[in-house]
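**Q** I am attaching a structure below and will ask some questions about it afterwards.
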Amino acid sequence: MTPEELLAAAGSGVTPPSLSPLLRALVLEARGDWNGAHLIAQDIDTTDGAWVHAYLHRKEGDAANAAYWYRRAAKPVAKGALEDEWRSIATALLAPGV
């Protein structure tokens with residue numbers, strides 16, 4: 001699956017059953033369900049979970065909270081377009097072995 005296919009799935013309303021929890025969170029966020037995405041991300045205590053969590057707080061507009069989660073993710077605070085960051089996260093999470 002590619003990030004574009006993941007976005008298409010989000011737009012179709014059909015979530016592929018084989019998605020990891022963090023990919024499901026990205027799909028929910030893309031559908032506008034920030035709360036559902038946050039419920040998933042906040043319970044995943046990994047650097048990838050922290051990255052998704054950071055992105056969600058950035059999207060929410062909570063820069064201070066986002067910065068905390070970027071530090072937990074060992075990532076620089078994102079400054080580009082939210083859509084670009086979503087694709088970067090999706091690409092990383094879709095990589096083999098993740």
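The values are calculated or read from the model by the stated rules, or taken from the named source; none is laboratory data. Remember, predicted model here, so these are calculated numbers, not experimental data. Quick reminder, even Gly has a Cβ in these numbers, built from the backbone with ideal geometry, and neighbours come from all protein chains shown. Areas reflect the complete protein model, heavy atoms only, side chains present, ligands, DNA and RNA absent. Shrake-Rupley method; radii C 1.70, N 1.55, O 1.52, S 1.80 Å.
**Q** Anything in the range 46-68 that is open to solvent by less than 10 Å² (accessible area, probe 1.4 Å) and either in contact with a Leu (Cβ under 7 Å, 6 or more places away or on another chain) or assigned to a loop (DSSP other than H, G, I, E, B) (or both)? List them, or say none.
**A** Gly49, Val52
**Q** Right, another one. If you check Tyr68 against the conditions, is it of a type in the set (Phe, Trp, Tyr), over 18 Å from Pro3 (Cβ atoms) and modelled with pLDDT of 95 or more? Talk me through it step by step, then tell me what you get.
**A** On the way: of a type in the set (Phe, Trp, Tyr): yes; over 18 Å from Pro3 (Cβ atoms): yes; modelled with pLDDT of 95 or more: yes.
Taking the combined requirement at face value, the residue satisfies it.
**Q** Next question, about the same structure. Mind counting the residues in the range 80-90 that are open to solvent by less than 40 Å² (accessible area, probe 1.4 Å) and among the charged types (D, E, K, R)? If you could, list the steps in order and put the result at the bottom.
**A** Within the range 80-90, the subset open to solvent by less than 40 Å² (accessible area, probe 1.4 Å) is 85-86, 89-90.
After this cut, where a residue has to be among the charged types (D, E, K, R) as well, the list is 85.
Residues in the range 80-90 being open to solvent by less than 40 Å² (accessible area, probe 1.4 Å) and among the charged types (D, E, K, R): 1 in total.
**Q** Kindly establish whether Leu93 is open to solvent by less than 40 Å² (accessible area, probe 1.4 Å) and either modelled with pLDDT of 95 or more or not aliphatic (A, V, I, L, M) (or both). Write out each step before concluding.
**A** Numbers: open to solvent by less than 40 Å² (accessible area, probe 1.4 Å): yes; either modelled with pLDDT of 95 or more or not aliphatic (A, V, I, L, M) (or both): yes.
Spelling it out, Leu93 is indeed open to solvent by less than 40 Å² (accessible area, probe 1.4 Å) and either modelled with pLDDT of 95 or more or not aliphatic (A, V, I, L, M) (or both).
**Q** Next question. Are any residues in the range 33-45 part of a loop (DSSP other than H, G, I, E, B) and surrounded by 12 or more Cβ atoms within 10 Å (Cβ to Cβ), and if so, which ones? Let's see the steps before the verdict.
**A** Initially, the range 33-45 is screened for residues part of a loop (DSSP other than H, G, I, E, B), giving 33, 42-45.
Once the filter is applied, which keeps residues that are part of a loop (DSSP other than H, G, I, E, B) and surrounded by 12 or more Cβ atoms within 10 Å (Cβ to Cβ), the range 33-45 yields Asp33, Gln42, Ile44.
**Q** In addition: Checking the structure you have, find out if any residue of the range 79-94 is over 18 Å from Thr15 (Cα atoms), in contact (Cβ under 8 Å) with a residue 40 or more places away in the chain and assigned to a helix (DSSP H, G or I).
**A** Step one: filter the range 79-94 for residues over 18 Å from Thr15 (Cα atoms), giving 79-85, 88, 92.
Now narrow it down to the ones that are in contact (Cβ under 8 Å) with a residue 40 or more places away in the chain: 92.
Pick out the ones that are also assigned to a helix (DSSP H, G or I) and you get 92.
The answer is yes, given that some residue of the range 79-94 is over 18 Å from Thr15 (Cα atoms), in contact (Cβ under 8 Å) with a residue 40 or more places away in the chain and assigned to a helix (DSSP H, G or I).
**Q** Output yes when any residue across the range 1-8 is modelled with pLDDT under 95, in contact with a helix residue (DSSP H, G or I) (Cβ under 9 Å, 6 or more places away or on another chain), in a loop (DSSP other than H, G, I, E, B) and surrounded by fewer than 13 Cβ atoms within 10 Å (Cβ to Cβ), and no when none is.
**A** Yes: one or more hits.
**Q** Out of Val77, Val27, Val14, I need the residue that is surrounded by 15 or more Cβ atoms within 10 Å (Cβ to Cβ) and over 18 Å from Pro96 (Cα atoms). Which one? Quick ask: steps written out before the conclusion?
**A** On the way: Val77 fails: surrounded by 15 or more Cβ atoms within 10 Å (Cβ to Cβ); Val14 fails: surrounded by 15 or more Cβ atoms within 10 Å (Cβ to Cβ).
Testing whether each residue is surrounded by 15 or more Cβ atoms within 10 Å (Cβ to Cβ) and over 18 Å from Pro96 (Cα atoms) leaves just Val27.
**Q** Looking at the range 26-41, which of its residues are free of Cβ contacts under 8 Å to residues at least 12 places away in the same chain and touching a helix residue (DSSP H, G or I) at 6+ places or on another chain (Cβ under 6 Å)?
**A** Selection gives Gly36 alone.
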